[in-house]
Amino acid sequence: MVEQEFPLREVTRNELQQLQQRLQLSEAELSSIEQPILAQKEAEKLKQQAEAER
């Protein structure tokens with residue numbers, strides 16, 4: 001989902017929260033999955049912004 005849309009829309013975040021509940025993932029588990037992905041996408045976004053400013 002993150003590959004297709006970033007930042008995530010509210011509806012997508014809700015779907016992911018429902019999936020988290022079905023999989024019974026703790027907040028710590030979710031964070032360990034989510035943080036590297038979000039950090040990478042944020043870095044890509046900043047890089048694109050910097051390139052656009054050139």
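Every number in this text was worked out from the coordinates using simple rules, so none of it is lab data. Computed from a predicted structure; not experimentally measured. Every residue, glycine as well, gets a Cβ built from its backbone with ideal geometry; the counts of neighbours run over all protein chains shown.
With bins 10 Å wide beginning at 0, the percent of Cα pairs of the chain falling in each bin runs 21, 45, 24, 9, 1. When shorter helices are ignored and each DSSP H run of at least 4 residues is given -39500 (n - 2.57), the per-residue value for the chain at 222 nm works out to -26000 deg cm²/dmol.
Sparsely packed loop sites in the chain (the GluC sites (Glu not before Pro) outside DSSP H, G, I, E and B with at most 15 other Cβ atoms within 10 Å) comprise GLU3, GLU5.
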